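The values are calculated or read from the model by the stated rules, or taken from the named source; none is laboratory data. The structure presented is a predicted model; accordingly, all values stated were derived computationally and were not measured. Positions of Cβ are generated from backbone atoms using ideal geometry, with glycine treated the same way; all protein chains shown enter the neighbour counts. Ligands, DNA and RNA are excluded from the accessible area calculation, which covers all protein heavy atoms including side chains. Shrake-Rupley method; radii C 1.70, N 1.55, O 1.52, S 1.80 Å.
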Amino acid sequence: MTETEIPEDHPRYASLVTRHRIEAGVEKGITSKQGLIAQGRGEAFDYLLGERTLPSADAAARAAAATLLSAERPVLSVNGNVAALAPAETVDLAEAVDADVEVNLFNHTDERARRIADHLREHGADEVKGLAGDGEIPGLDHARGTVDADGIEAADVVVVPLEDGDRAEALDAMGKTEIVIDLNPGSRSPRTADVPIIDNLIRAVPNVTAHARDLADASPATRRDAIDSFDAAEALAEAEAAIRKGTFATPDDEVPNDEAADAEASNADMVGDTSAR
Ligand code: PTJ
């Protein structure tokens, strides 16, 4: 069954389309085989979250939009999963916030980087960085630390969806403001982020774009408020509470505040010990 053959009224339509995009990404040579495993992991968390955008993830998306609009040199980092799942949506976001797009791979090969750049151009990108590889993220081995000198190395704000924890920490050590999109609130990357968006990439990227369009003509004070009123620790705790509630969650369920507080206080077990991630 191809993507277009999936019946739109199927109860798990979005999830099935997502799987097809990742499969097609592997077949096209833009997504790594490990990307399939990462997708399965993300899907499990999304299922437990009720496959919906939590209010705290929406607030994070708004804070992310305001942060990007206020940045001097914002960059959107694109890996093999992002390229397969949301190429046009990533290009739209880059346009909305005037950001560069840079291919940045965990399992780097020149061939895959070139294919991803071509794929992004097919989806409307004018310029794609990440092929020069003349910069570095200090503290990481060569392949994982290679970036463009006038891209991620020079950026003040970086969006890193589905990022590896080591690289998220290394970018943080460089003083970057990091916006991480990841479905696992216990993962090191969102815990390192200034703005963690605990949501599926396919919902989060268009949502940040929508907030950016809404905030485009807003006053500096309104943008500042979107950033300052967002609390990263609370957002992580709300997502964790929703996951603890698990498969009983429905799209209309609210996560009561006391559950979010309990989750923050106990910070244990299911998504708790993040030291090895
Ligand atoms: O293309 P490359 O070489 O750069 O590799 C990219 C992957 C994603 C394979 C690589 O970075 C990797 O192995 O990532 P991890 O360590 O498996 O982490 C992936 C994280 O993304 C996990 O925390 C997943 O829960 C999360 N995730 C997976 N799919 C999605 C997601 N988060 C948001 N939206 C998704 N669709």
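Pairs are defined by a Cβ separation below 6 Å, a sequence spacing of at least 6 or placement on different chains, a first member in the stretch 227-256 that is open to solvent by less than 80 Å² (accessible area, probe 1.4 Å), and a second member that is of a type in the set (Val, Ile, Thr) and modelled with pLDDT under 95; the pairs so defined are Glu238/Val255; Glu240/Val271; Ala241/Val255; Ala242/Val255.
The requirement of being open to solvent by 40 Å² or more (accessible area, probe 1.4 Å) and either over 27 Å from Ala14 (Cα atoms) or more than 15 Å from the ligand (Cβ to nearest atom) (or both) is not satisfied by Arg167.
When Asp110 is tested against (1) loosely packed, with under 14 Cβ neighbours inside 10 Å; (2) more than 13 Å from the ligand (Cβ to nearest atom), only condition (2) is not met. Assessment of the stretch 209-217 against the conditions (of a type in the set (A, V, I, L, M), more than 13 Å from Ala60 (Cβ to Cβ), within 17 Å of the chain's Cα centre (by Cα) and buried (at least 19 other Cβ atoms within 10 Å of the Cβ)) yields at least one matching residue. From the list Ala125, Ala88, Ala96, which one is open to solvent by 10 Å² or more (accessible area, probe 1.4 Å), under 25 Å from Ala66 (Cα atoms), among the aliphatic types (A, V, I, L, M) and part of a loop (DSSP other than H, G, I, E, B)? Selected residue: Ala125, the only one of Ala125, Ala88, Ala96 that is open to solvent by 10 Å² or more (accessible area, probe 1.4 Å), under 25 Å from Ala66 (Cα atoms), among the aliphatic types (A, V, I, L, M) and part of a loop (DSSP other than H, G, I, E, B). The residues on offer are Gly151, Gly186, and the sole one that is over 16 Å from the mean Cα position of the chain (by Cα) and either surrounded by fewer than 21 Cβ atoms within 10 Å (Cβ to Cβ) or modelled with pLDDT of 95 or more (or both) is Gly151. The condition (being away from the ligand (no atom under 15 Å from the Cβ) and among the acidic types (Asp, Glu)) is satisfied by just one residue among Glu122, Glu89: Glu122.
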